[in-house]
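The values are calculated or read from the model by the stated rules, or taken from the named source; none is laboratory data. Remember, predicted model here, so these are calculated numbers, not experimental data. Ideal geometry is used to build each Cβ from the backbone, glycine not excepted, and the neighbour counts take in all protein chains shown.
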Amino acid sequence: MRRPRGLMPEGGVVSSHARWVPVCAALLLGGCGGSKGDAPGAAPAALPAKPGGGEKAGAVGSWVEARTGGLARVVPAIGTFRARQTTRVGAQVSGRVEAVLVDIGDAVKKGQDLVRLDPELFRLDVAQREAELAAALAAMEEARLHYERMRKLWEKPAGEDPSISRRQYDDSVTRRDAASARVKQAEAALGYARQRLDETTIRAPFDGAVTRRFVDPGEPVTSMPVTPLVEVQETGVLELDFALPQELLGQVRPGTPVTYEADGIIGTGVGAVSVVFPALEESTRSVTCRMLVDNANGRLRPGLLARVRVSMDGRSDGVVVPRRALERDATGRGWQVRVAGDGGAPLAVRPVKTGVLTEADAELLEGVKAGEKVWVGSD
């Protein structure tokens, strides 16, 4: 006899299609009841209400106590390398340029010859002064001999009258002293003439490099007013000047660590502030700082731009917490932290004002006190 569709056959045996129905249902139910990691969009577990609650199932993180202190801050600045000394070298005597011994870019040592003036007239002057000194020495010797004769005639044994008058003796003394004075005058004139002859060679005042040249051979130069001949800059040690906001005036001092990088120069330099200028720039309300940079290898040049990073000491009145304790507030621009309540009270979400931020820690200036516990979520 034919049975209607859908009725179970005798003996309780179901058809092959019917056997798959409960299996599919079980699979669907298993997918709905899986773990949160298997279901995209699952809501995160609630934070514990108090310290120690992090051990509850589903809470990932820990409570960390905020500590007193501050973080060292790194302040960027733009600086410029400058020469410690820049001198336009001129002549001490007037004359005509005989030779220029250096050119732009040449390295020079202190005392090295730079420019030479025609020395002929100065040599003649020295020769004339030498002749005058010789004549003065001869006159002094003659005056000395005359004095010795007069002294013997004047100084007689007791009881004998002098052979000359007092006036004759005094005249010999005066003649001797005047001749000696003329010798000293001639010696001074000769020394001055020799100095002027030496000054026809103009020398470098310090170690450095020639940065400008103003004259060529044959040109006349004067000492008053001084004609500049060449410009020399000291390059062995350079000054690196940079400006910081006036708010940092109390935190920067001689010895504050500094690192710098110069455009076009590979590598990072390390040094320290050597001078903090006493006066501020009124137009920018900034304080100028200076550090000295060793440039014995000559890689750096005056005028180079430098990117400076100044390491400031941490604050003493701040509070430090792990960086992961910070969360963005509803505006997306500010920061907030979750703080454990006192006496079992529920946690509170507080806005905070941050100071220095590093990869690991955050400096809080307002919102959390030292000793309070903040929630730090896992990575």
Identity of the residue in the stretch 311-320, assigned to a loop (DSSP other than H, G, I, E, B) and either of a type in the set (A, V, I, L, M) or crowded, with 18+ Cβ neighbours inside 10 Å (or both), that ends up farthest from the chain's Cα centre (by Cα): GLY318
In the stretch 231-249, the residues that are within 30 Å of VAL115 (Cβ to Cβ) and part of a strand (DSSP E or B): GLU231, VAL232, GLN233, VAL237, LEU238, GLU239
Checking MET224 against (1) among the aliphatic types (A, V, I, L, M); (2) more than 60 Å from the chain's Cα centre (by Cα); (3) at pLDDT below 95, the condition it does not meet: (2)
All strands (runs of 3 or more DSSP E) inside the stretch 250-310 with 2 or more residues being touching a Gly at 6+ places or on another chain (Cβ under 7 Å): 257-262, 286-294
Exclusive hit being of a type outside the set (A, V, I, L, M) and in contact (Cβ under 8 Å) with a residue 60 or more places away in the chain, set GLU155, GLU199, GLU187: GLU199
Within the stretch 346-371, considering residues that are in a loop (DSSP other than H, G, I, E, B) and buried (at least 20 other Cβ atoms within 10 Å of the Cβ), the one modelled with the lowest pLDDT: LEU347
SER180 vs. criteria over 43 Å from the mean Cα position of the chain (by Cα) and not in a loop (DSSP other than H, G, I, E, B): yes
Among (1) among the hydrophobic types (A, V, I, L, M, F, W, C); (2) in contact with a Leu (Cβ under 7 Å, 6 or more places away or on another chain); (3) free of Cβ contacts under 8 Å to residues at least 40 places away in the same chain, the one test that LEU124 misses: (2)
Those residues of the stretch 323-379 which are among the hydroxyl-bearing types (Ser, Thr, Tyr) and either touching a residue at least 12 places away in the same chain (Cβ under 8 Å) or closer than 18 Å to ARG67 by Cα (or both), in sequence order: THR354, THR358, SER378
Residue ID - nearest to GLU199 (Cα to Cα), chosen from residues in the stretch 108-119 that are within 27 Å of the chain's Cα centre (by Cα) and exposed (fewer than 14 other Cβ atoms within 10 Å of the Cβ): LYS110
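Would you check if VAL173 is outside any loop (DSSP other than H, G, I, E, B) and either closer than 25 Å to GLN112 by Cβ or within 40 Å of the chain's Cα centre (by Cα) (or both)?
no
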Strands (runs of 3 or more DSSP E) fully within the stretch 44-143 counting 1 or more residues that are under 30 Å from ASN295 (Cβ atoms), at pLDDT 95 or above and among the hydrophobic types (A, V, I, L, M, F, W, C): 73-83, 86-90, 95-100, 113-117
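Conditions tested, residue by residue: (1) farther than 30 Å from VAL60 by Cα; (2) under 38 Å from the mean Cα position of the chain (by Cα); (3) in the same structural domain as THR256 (by TED's automatic domain parsing).
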site	(1), (2), (3)
VAL275	yes, yes, yes
THR284	yes, yes, yes
PRO322	no, yes, no
GLY334	no, yes, no
VAL349	no, no, no
THR358	no, yes, no
ALA362	no, yes, no
GLU366	no, yes, no
The stretch 159-177 residues that are farther than 12 Å from GLU148 by Cα, paired with ones that are among the acidic types (Asp, Glu) (beta carbon under 9 Å, 6 or more apart): PRO162/GLU155
